[in-house]
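Trainee: Mind looking over this structure? Questions follow.
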Amino acid sequence: MSISSQEICILRKDKNLALLQTNGMPGNKYNCSPGTPRTRLERLLRERELRKFNKSLNEGETESSTNDPSSPDAETSTWFNDEESLETVSAGRVSLDGSKQRLLVVANRLPVSAVRRGEDSWQLEMSVGGLVTALLGVKEFETRWIGWAGVNVPDEIGQKALTKALAEKRCIPVFLDEEIVHQYYNGYCNNILWPLFHYLGLPQEDRLATTRSFQSQLDAYKKANQMFADVVNEHYEEGDVVWCHDYHLMFLPKCLKERNNKMKVGWFLHTPFPSSEIHRTLPSRSELLRSVLAADLVGFHTYDYARHFVSACTRILGLEGTPEGVEDQGKLTRVAAFPIGIDSDRFIRALELPQVQDHMKELKERFAGRKVMLGVDRLDMIKGIPQKILAFEKFLEENPNWRDKVVLLQIAVPTRTDVPEYQKLTSQVHEIVGRINGRFGTLTAVPIHHLDRSLDFPALCALYAVTDVALVTSSRDGMNLVSYEFVACQASKKGVLILSEFAGAAQSLGAGAILVNPWNITEVASSIGYALNMPADEREKRHHHNFMHVTTHTSQEWAATFVSELNDTIVEAQLRLRQIPPILPIEVAVDRYSKSNNRLLILGLNATLTEPVDTLGRKANQIKELELKLHPDLQEPLKKLCDDPKTTIVVLSGSDRSVLDDNFGDYNLWLAAENGMFLRVTGGEWMTTMPENLNMDWVDSVKMLSLEDFKQ
């Protein structure tokens, strides 16, 4: 993926090269781009400039369609149109040497839906999916998609026909039967992991009875992940990058690495990762963490989520957390934040389309003389729709003069309509909306327009463009790209964004948005009033800050940065391995040991000669287990070594002398206690290793200071 300075010199000898030189990237004496960056930050900045440079050179080439997806299904979802072609997403950028780096994107669902029309005939339609939208326009790699097509295909003829049809869309199917889908997707993913990661807690026993047990769902989850791994292994080619996505595939990195340890594997979570105190309630907590740690790079939307993950690995697994990630017996798994973005250019260009302009004109006429407030959400418990509507009701109560001057448009896209909890939420929202409209509405106008459906892309862009205030009140949200889409469409209006502090987007857009706690109805109502009355200059400043972020931190940058960082992580891991002493050659060591006449063996105590202690799994006799005891299986071999006249044994420990006396008093060997401070042969007395003439007078000169000393 890297581009050498010589290649750029040869292939880019034109005046545009000066642009690369002047963008903060000094050239060498041949007036060429810089060589290999010395730090990760330098490399990432250099590659970003190179991408911008290549983009500027390729302007005027074939552009992808301006139609966009509509996605209510994924947490980071935006909107996708049926006419969008996957080739736009999957086409890779040809590098200077003519090769492409293949990117295998592995997600639970493929970005297409399949409808069977005959025994060997399938109709493919673009389906909703936030991941597809995030990767729209990314042309850095030759992309292949691997996932479930959303349909059960039990017969071999149907599977072959569907595989062939999907291949034209650069998609590779994973065939899951109905039982696996029920247990793995509806069970473990949606009933256990999704609520837990959004701080809703684990299901209670009455719900577990209807969805089988934890263990059966976990078994199905593991089996499904292994099926995904089998398909990846079948299509993997050396040098490919495998990018696993979301909580559906937390076991996948481990499955892949067990088959091929050299495979480049990254894993990205599109939801929040909860505090370790929440994650530790999960029965399979350790298995999931260790499986994810098999990946080379683990990515999250925000630093907070990454910090929670490292903390969970530290507290639950007892591993060492570092600024770079998590270290386990010399292996470092990189953990970092990669905030996702949108393809902002698509929204900006869409505003110029005649169809969108017509929609905008219609909306302006429809709501003339009234401020427009907008909410676009999936109808989900985490989206905070009831809190949003209740805050709007409180605002109308406290501000009678605004009742006929403002309207709230709430787009609530139905999801999981067969689940009782979601049905109850729908009824609750409808009840609140009806009450408010009945209370504050008139025969000709109502304060809330509520739609239980999605909008097509042109209508959505027009709605974003005419909105004065956007309301995002999620109780938990991995990122929430609706806020990004709103900002991208507000170049003219410069509307105000009210954003929940519990949405991942608050980390990126917080400086330009009004951050609120959605549970504080009074605060949200007050923020609505502040946003509606905000001076034009303040709106301009806030919008400018967010607009600059949205247009520079795009989905293309997100994907390119993650894969670039993954490649860099692999190189750093190889360099790190070179610095680790090689493994002891057992056969050579044994041969030389047997031939020698004077041997010295220095053995550690804790974790070398002692019984293993599981500090997390202890339930009884905790104090007894914490005592250091020589492992029973090592007592006889150690005695044989000690009785060998050709061998001298030294046990070195940081423990107290009494610990070594209790364990090795009957053995003929040397003991070194307190990291070598005290030394003795088992038949002699303890002696100190400190020199006799060492001046220790400084110890007496040190006195403890009390509060009375400071008072003086």
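Trainee: Applying 1/(1 + (r/R0)^6) with R0 = 45 Å to the Cβ-Cβ distance of ASP404 and ALA491, what FRET efficiency is obtained, to the nearest 0.05? Each step should come with its number before you reach the end.
Mentor: Values: r = 29 Å, r/R0 = 0.65.
E between ASP404 and ALA491, to the nearest 0.05, is 0.95.
Trainee: With +1 on the Cβ of every Lys and Arg and -1 on the Cβ of every Asp and Glu, and nothing else charged, how large is the dipole of the range 101-337 about its Cα centre, in debye rounded to the nearest 20? All intermediate terms of the calculation are to be shown ahead of the outcome.
Mentor: Details: 26 positive and 29 negative charges, 61 e Å.
Roughly 300 debye for the range 101-337.
Trainee: Further question: Tell me, what is the FRET efficiency for GLU501 and GLU238 to the nearest 0.05, using R0 = 35 angstrom and their Cβ-Cβ distance as r? Let's see the in-between values first.
Mentor: Working: r = 45 Å, r/R0 = 1.29.
Plugging the Cβ-Cβ distance into 1/(1 + (r/R0)^6) gives 0.20.
Trainee: Any idea what the relative contact order of the range 494-605 is, in percent, if you count C-alpha pairs under 8 Å spaced at least 6 apart?
Mentor: Relative contact order for the range 494-605 comes out at 21 percent.
Trainee: How large, in percent, is the carbon and sulfur part of the accessible surface of the range 101-337 at a probe radius of 1.4 Å?
Mentor: Looking at the range 101-337 in its full context, I get 47 percent from C and S.
Trainee: Hey, another quick one. Quote to one decimal, in nm, the extra length available between ASP219 and THR688 on full extension: 0.36 nm per residue of separation minus the C-alpha distance between them.
Mentor: Fully extending the segment from ASP219 to THR688 adds 163.1 nm.
Trainee: Going toward the positive end of the dipole of the range 351-548, with +1 on Lys and Arg Cβ and -1 on Asp and Glu Cβ, which of LEU463, VAL433, ASN546 do you reach last?
Mentor: Of the options given, the answer is VAL433.
Trainee: List the relative contact order of the range 351-548 as a percent without decimals, with contacts defined as Cα pairs under 8 Å and 6+ residues apart.
Mentor: Relative contact order, the range 351-548: 25 percent.
Trainee: Hey, rough spin-label estimate for ASP358 and ASP304, points 7 angstrom out along Cα→Cβ, what's it come to in nanometres?
Mentor: 4.3 nm
Trainee: List the residues, sorted by chain then number, that are 5 or more residues from ILE342 or on another chain and whose placed amide H is less than 5 Å from its amide H.
Mentor: Answer set, sorted by chain and number: SER555.
Trainee: Okay, next question. DSSP loop trypsin sites (Lys or Arg not before Pro) in the range 246-341 with at most 12 other Cβ atoms within 10 Å of their Cβ, which ones?
Mentor: LYS262
Trainee: Using the charge dipole of the range 101-337 (Lys, Arg: +1 at Cβ; Asp, Glu: -1 at Cβ; taken about the Cα centre), state which of THR333, THR143, SER113 has its Cα farthest towards the positive end.
Mentor: THR333
Trainee: Report the charge-dipole magnitude of the range 351-548 in Debye, nearest 20, computed about the Cα centre from +1 at each Lys and Arg Cβ and -1 at each Asp and Glu Cβ.
Mentor: Numbers: 22 positive and 23 negative charges, 53 e Å.
Roughly 260 debye for the range 351-548.
Trainee: Using θ = phi - 60° and the Karplus relation 6.51 cos²θ - 1.76 cosθ + 1.60, list the HN-Hα couplings for the range 112-122 in order, rounded to whole Hz, with x at every Gly or Pro.
Mentor: Calculated HN-Hα couplings, in order: 9, 10, 10, 10, 7, 10, x, 4, 10, 10, 10 Hz.
Trainee: Run the numbers on the range 101-337 and let me know its relative contact order in percent, using alpha-carbon pairs under 8 Å that are six or more apart.
Mentor: This gives 16 percent for the range 101-337.
Trainee: Pick out, from VAL482, LEU443, SER500, the residue whose Cα sits farthest towards the positive end of the charge dipole of the range 390-508, with +1 on the Cβ of Lys and Arg and -1 on the Cβ of Asp and Glu.
Mentor: Farthest towards the positive pole: LEU443.
Trainee: Accessible area per residue for the range 278-361 in Å², computed with a 1.4 Å probe and the full protein assembly in place, what is it?
Mentor: For the range 278-361, the per-residue accessible area is 41 Å².
Trainee: Next up: How compact and how long is the range 351-548, expressed as Rg and Dmax of its alpha-carbon atoms in Å?
Mentor: Rg then Dmax for the range 351-548, in Å: 15.8, 47.
Trainee: Go through the range 238-289 and name the GluC sites (Glu not before Pro) that are in a DSSP coil and have 16 or fewer other Cβ atoms within 10 Å of their Cβ.
Mentor: Sparse-neighbourhood loop GluC sites (Glu not before Pro): GLU238.
Trainee: Here's something else I'd like to know. What does the extension gain come out to for TYR530 and LEU443, with contour length at 0.36 nm per residue minus their alpha carbon separation? Can you show the working numbers first?
Mentor: Details: separation 87, 0.36 × 87 = 31.32 nm, distance 2.86 nm.
Full extension from TYR530 to LEU443 adds 28.5 nm.
Trainee: The range 101-337: Rg/Rh from Cα coordinates, Kirkwood Rh?
Mentor: Ratio value, two decimals: 0.97.
Trainee: Could you compute the FRET efficiency for ASP666 and LYS262, with r as their C-beta to C-beta distance and R0 at 35 Å, rounded to 0.05?
Mentor: After rounding, the FRET efficiency stands at 0.10.
Trainee: For the range 506-575, with every protein chain kept in place, what is the accessible area per residue (1.4 Å probe, Å²)? If you can, show how the numbers build up before the last one.
Mentor: Details: 2900 Å² over 70 residues.
Solvent-accessible surface per residue comes out at 41 Å².
Trainee: How many percent of the accessible area of the range 351-548 is carbon or sulfur, using a 1.4 Å probe?
Mentor: Here it works out to 52 percent.
Trainee: If I stretch the segment between ASP633 and ARG599 completely, what's the gain in nm (0.36 nm per residue apart, minus their alpha carbon distance), one decimal?
Mentor: Values: separation 34, 0.36 × 34 = 12.24 nm, distance 2.26 nm.
Gain on extension, ASP633 to ARG599, equals 10.0 nm.
The values are calculated or read from the model by the stated rules, or taken from the named source; none is laboratory data. What you see is a predicted model, and the numbers here were worked out from it, not measured in a lab. All Cβ positions, even for glycine, are placed from backbone atoms using ideal geometry, and neighbour counts span all protein chains on display. Each accessible area value is taken on the protein alone, full model and side chains, heavy atoms only, with ligands, DNA and RNA left out. Shrake-Rupley method; radii C 1.70, N 1.55, O 1.52, S 1.80 Å.
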